[in-house]
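Shown next, in structure tokens, is the structure this report addresses.
The values are calculated or read from the model by the stated rules, or taken from the named source; none is laboratory data. From a predicted model like this one, the values you see are computed outputs, not experimental measurements. Glycine also receives a Cβ, built like all others from the backbone with ideal geometry; neighbour counts cover every protein chain displayed. Accessible surface areas use protein heavy atoms only, side chains included; no ligands, DNA or RNA. Shrake-Rupley method; radii C 1.70, N 1.55, O 1.52, S 1.80 Å.
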Amino acid sequence: SSESPPASPFITEISGIAIMLLVFSMIPTFNLDLTMATPNKFKSDGDDVPALPPPPPLPEVAGEEEDDFSTTLERLRNEVLLAKSITEESAREKSLLDALKNCRKCLEDAEEAKVVATRRVAAAKEVYENAAQALSGYTPLNSRIPGSGNSSNKRAKVEKMPRVSVAQLAEDASYPTNPLYLPPRYTQGGSMDEGLVANFRDSFLRQLTGGAVQSATDLDSFVPPPTNANLKSKAQLKEWIYIAEHWATGADGLDAGQFRAKHKTWYSRMKPVTYKLGRRTGIHIRETEDGKKYLCRHSKDGTKSIVYLEIGQVFDALFEMHVMELGHRGRDATKNLADERYANLPDAQIRAFLDTCPQCAARRTARAFS
């Protein structure tokens, strides 16, 4: 058999072109089939499948006040960062000082808003309780017959104080009249001579102040941190007495409202008494017969005034109780007696005193080797 002649190059090229034209002619039909399906429905055996339900709505954004506060905080952060990036020292300090003032203003505004919100919550709670009591057949206090059952007696104890001005409340306030415990200065006692007591005092002050005071002679120049409400110098207590004295009247050219706004941080920490029954820990001023004024607060049961001690009196007060009266008894006995007399002797100060007491240390050493 003879072999067939090979195809010419021209016929091969024509065949390739024909195949390409055939492929391109099929493309529009293919695209048409793809676009027949709608975005919300799909064909499946002639049945329509519904589209997915719409997504749930987004949660509501915070109120305008919250947005403004967030914007202010962001602006203050940027202001501080910008001030820190300044290389020239004087310009950097000035910018940081301006930023600090703005941050302080923002903090004061936030604290004021917190006070207002607290008052609103208290007022709303009172209205709600009145409505709930009326709905349940609650008998008003002024309509009750005294002694008509246990329920009336218990409710009568929670009668709210009348709404009058702060100045009037302070004017009408009455405080306990018990004698104040003002410790004398001890140089010896409890079988300890002057040298031993002096060393004891210095060791206690070193531990109490973390080494900032090495001996009793350093106390005059030592200023306790303002954030430590239980450790105060004589000058700091004098300032607190001045604030408490003028809380209802104002001072320094400021009316009562401006004076309280200036010292609102002190108020939030100390809670001065403004009602004749007082608060269990309410701050008030007691004046002794010699004309000296002392900062006091109520005892836990609310029946006595207990005095705030300045740092120079702490050792003598603890020495009188632990050594002279209790005969070196333990922490609990000393703490219980301290709570009956003084306003600012926490556990940490009592532990420091017991740890540095030479007789207690000797007794602990003897027990360890027995």
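The residues on offer are Asp290, Asp316, and the sole one that is acidic (Asp, Glu) and open to solvent by less than 10 Å² (accessible area, probe 1.4 Å) is Asp316. From the list Leu52, Leu82, the lone residue that is at pLDDT below 85 and hydrophobic (A, V, I, L, M, F, W, C) is Leu52.
Look at the stretch 232-255: where a residue is without any contact (Cβ under 8 Å) to a residue 12 or more places away in the chain and a partner is crowded, with 16+ Cβ neighbours inside 10 Å and of a type in the set (A, V, I, L, M, F, W, C), sitting 6+ places away or on another chain with Cβ atoms under 7 Å, you get Gly250/Ala256; Gly250/Phe259; Ala251/Phe259. Close contacts from the stretch 329-341, counting a first residue that is farther than 18 Å from Ala361 by Cα and a second that is open to solvent by 40 Å² or more (accessible area, probe 1.4 Å), with Cβ to Cβ under 6 Å and a gap of 6+ residues or different chains, come to Arg341/Tyr181. Within the stretch 352-362, is even one residue over 19 Å from Ala198 (Cβ atoms) and out of contact with any His (no Cβ under 8 Å at 6 or more places or on another chain)? Taking every residue of the stretch 352-362 in turn, none turns out to be over 19 Å from Ala198 (Cβ atoms) and out of contact with any His (no Cβ under 8 Å at 6 or more places or on another chain). Can you tell me which residue within the stretch 196-255, out of those that are in a helix (DSSP H, G or I), among the small types (Gly, Ala, Ser) and open to solvent by 60 Å² or more (accessible area, probe 1.4 Å), is nearest to Cys296 (Cα to Cα)? Among residues in the stretch 196-255 that are in a helix (DSSP H, G or I), among the small types (Gly, Ala, Ser) and open to solvent by 60 Å² or more (accessible area, probe 1.4 Å), the one nearest to Cys296 (Cα to Cα) is Ala235. Within the stretch 314-370, count every residue that is among the hydroxyl-bearing types (Ser, Thr, Tyr), assigned to a helix (DSSP H, G or I) and under 21 Å from Ser299 (Cβ atoms). Adding up the residues that qualify gives 1. Checking each residue in the stretch 93-122 for being charged (D, E, K, R), open to solvent by less than 90 Å² (accessible area, probe 1.4 Å) and farther than 27 Å from Arg260 by Cβ picks out only Asp98.
Screening Ala366 against (1) hydrophobic (A, V, I, L, M, F, W, C); (2) modelled with pLDDT under 90; (3) under 34 Å from the mean Cα position of the chain (by Cα) leaves a single unmet condition, (3). Taken over the stretch 334-370, residues that are farther than 24 Å from Val213 by Cβ and touching a Ser or Thr at 6+ places or on another chain (Cβ under 7 Å) amount to 1.
The numbered conditions (1) open to solvent by 40 Å² or more (accessible area, probe 1.4 Å); (2) touching a Cys at 6+ places or on another chain (Cβ under 6 Å) are all true for Asn336 except (2). For the stretch 315-333, the condition holds for no residue, the condition being that it is modelled with pLDDT under 85 and touching a Ser or Thr at 6+ places or on another chain (Cβ under 7 Å).
Within the stretch 70-84, being of a type in the set (Val, Ile, Thr) and under 16 Å from Lys101 (Cβ atoms) holds for Thr72, Val80. When the residues of the stretch 256-277 are filtered to those that are open to solvent by less than 60 Å² (accessible area, probe 1.4 Å) and aromatic (Phe, Trp, Tyr), the one that is modelled with the lowest pLDDT is Tyr275.
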